[in-house]
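Scroll down for the structure; my scribbles are underneath it.
The values are calculated or read from the model by the stated rules, or taken from the named source; none is laboratory data. All of these numbers come straight from a predicted model, not from anything done at the bench. We place every Cβ from the backbone using ideal geometry, glycine too, and count neighbours over all the protein chains shown. Ligands, DNA and RNA are excluded from the accessible area calculation, which covers all protein heavy atoms including side chains. Shrake-Rupley method; radii C 1.70, N 1.55, O 1.52, S 1.80 Å.
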Amino acid sequence: MAIPHPRATPGYLTQRDTEVRLSRAVRVKNKAPSPVQITAEQILRDARGCQDSSINPPRKKIADFDELSEYRLGERNLFEEKIGRAGCGMSAWVRYARWEEQQGDLTRARSVYERALSVVAQHRDHTLWVKYAEFEMRNRSVSHARNVWDRAVALLPRVDQLWCKYAHMEEVLGAYANARKVFERWMAWHQGTDGWDAYVKFETRYGEAERTRALYERLVAEHPLPNTFKRYAQFETKHGEAERAHRLHQRAAELLIADGKDPEVDAAIATNKRISPYEDAVRKNPLNYDAWFDYLAREESVGSKDSIRDVYERAIANVPPAEEKRYWQRYIYLWINYALYEELDAQDMGRAREIYRECLKLIPHKKFTFAKVWIMAAQLEIRRKDLSAARQLMGKAIGMAPKGKIFKYIEMEMRLGNVDRCRILYQKYIEWSPANCYAWRKYAELERELGESDRARSIYELAIAQPALDMPEFLLKDLAEFDATAGLSSIDREINAPRIAKRNRPLPDEVSDAKHLKILQAAHRWKNSKE
């Protein structure tokens, strides 16, 4: 029987097979350091970047209270591990507290915030105090929220955000007295002007003019700066106290002269010297609109945008005492110049639009109106590319205060090619003033330009049939020209001649006050006296 070779036996290894063969050593030719060095941080960052963030853990379905308790216990252990690590920031504490809040365990969430505040590094972090107080407010724990705010402002009284949020909470709750107490505590620390501004705005929102005036007095006493005096004067002007505003300007000039070498102070003093003569003029007679125009011209040449607006607001506040047009004719140009300034110089078309709207509200349209204001307001709407607003405005003008100049709106519609709308407007024009030959002639001229001879003839017929016309000779002249251009026969001219001659007779006494008739009557009397 043949004996098999040892290497042929399965699982049998020889010594040669078990020998370890080492690779041949490679000689390094360049032992200089690589120009690009890779650090351990770069390796970890690349590894994190390669992770797939779209893979989310499976959602757990909790069946009973025991599983819920187990889930909560596991999450709390994870949060405790995170906040237990060295260098843990405030965000980990806030996430832990918000998770407890989502679980409905407000006591535990409150405990987490208190533990976070016990950390020395986070004790003076005002952001943590804000989040703690907002947590209490979200859950309608007003007493707890007030307690947190009191502790926060006592620990960090120089942080304006804490005071602002504390006062805002009291205002939202309707506890205005408590809000004022918070502001007074804030002002006791002699803060900057931001705190005073917040206090003033609070009182202004609720129409407390006297309280606001007292606050401004305290503000200018504690911070005698040009800006504070300016805001105080603007407040007095807005409330119609021009005399107080003028005294404030003088007081500011006296105080600011002795302050020293401050550019803002020097600018304020120069401004006061510049406007002092004009201030004296308008203070002596606020209804002297020529003085206001001079003041505004000076201010527009050298003043700032805010100061120009301030003077305009003061000027338009002086409404004429009597509702007679002759008193309003100069005053209305203050509004017009104000709107033009906002549109052309300040480039604020929205503000210009509001100025026109306020002006139209102020004019007593039942007694008189200003067609110029209506037309300029509509033209502004067209420049703003709001044609519907312009049409609505002119329609309102025709309905409230119809006037011959207002019907120039027809020319605008004609340029836009709206023939039907022009016809409707001419009909309104004629209904409002049937004795106005100008309206009849323009209406007939429109139809003639459109080639509507029948319509034009009908308009002429209706105009001649009116019992009274202001300038019938011009209308009859147009009718004769129309007949000539229309190519009427001699028979037609003979038929129309008696009617034209009849229309050429003198008008009744009730319409004899037209200018041309007055001249003719005076000439006739002079001729009779000579004879």
Subject >> Solvent-accessible area of residue 290 with every protein chain in place, 1.4 Å probe, in Å² to the nearest 10 >> reply: 80 Å²
Original post:
Excluding ligands and nucleic acids, what accessible area in Å² is computed for residue 243 using a 1.4 Å probe, to the nearest 10?
Top reply: 80 Å²
**OP:** Leaving ligands, DNA and RNA out of it, work out the accessible area of residue 400 with a 1.4 Å probe and give it in Å² to the nearest 10.
**Re:** 90 Å²
Original post:
Which loop trypsin sites (Lys or Arg not before Pro) in the range 365-451, with loop taken from DSSP, have no more than 11 other Cβ atoms within 10 angstrom of their Cβ?
Top reply: 366, 367, 385
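Out of the trypsin sites (Lys or Arg not before Pro) in the range 58-144, which ones are loop residues according to DSSP with at most 13 other C-beta atoms within 10 Å?
Passing both the DSSP loop test and the Cβ count: 59, 60, 61, 85, 124, 140.
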**OP:** Considering the options 179, 143, 209, tell which one lies farthest towards the positive end of the dipole of the range 141-222, charges being +1 on Lys and Arg and -1 on Asp and Glu at the Cβ, about the Cα centre.
**Re:** 143
Original post:
What net charge do the residues around residue 290 carry, taking every other residue with its C-beta under 14 Å from that of residue 290, with Lys and Arg at +1 and Asp and Glu at -1?
Top reply: +2
Subject >> Karplus (6.51, -1.76, 1.60) ³J(HN,Hα), θ = phi - 60°, over the range 135-151, in Hz, Gly and Pro reported as x >> reply: 4, 5, 5, 4, 9, 6, 9, 5, 5, 4, 5, 4, 4, 5, 4, 4, 5
Original post:
Relative contact order for the range 114-251 using alpha-carbon pairs under 8 Å, separation at least 6, rounded to a whole percent?
Top reply: 11 percent
**OP:** Filter the chymotrypsin sites (Phe, Trp or Tyr not before Pro) in the range 132-201 down to the DSSP loop ones having no more than 13 other Cβ atoms within 10 Å, then list what survives.
**Re:** 189
Original post:
Taking the simple approach of a point 7 Å from Cα along Cα-to-Cβ for both residue 31 and residue 71, what is their distance in nm?
Top reply: 6.3 nm
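Using only the heavy atoms of the protein chains and a 1.4 Å probe, how would 239, 190, 126, 223 rank by accessible area, largest first? It would help to have the intermediate numbers written out before the result.
Values: 239 90, 190 130, 126 60, 223 40 Å².
Highest to lowest solvent-accessible surface, that is 190, 239, 126, 223.
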Original post:
Among 284/385; 165/361; 181/284; 230/367; 405/477; 367/442, which pairs are too far apart, with a Cα-Cα distance over 32 Å?
Top reply: 284/385; 165/361; 181/284; 230/367
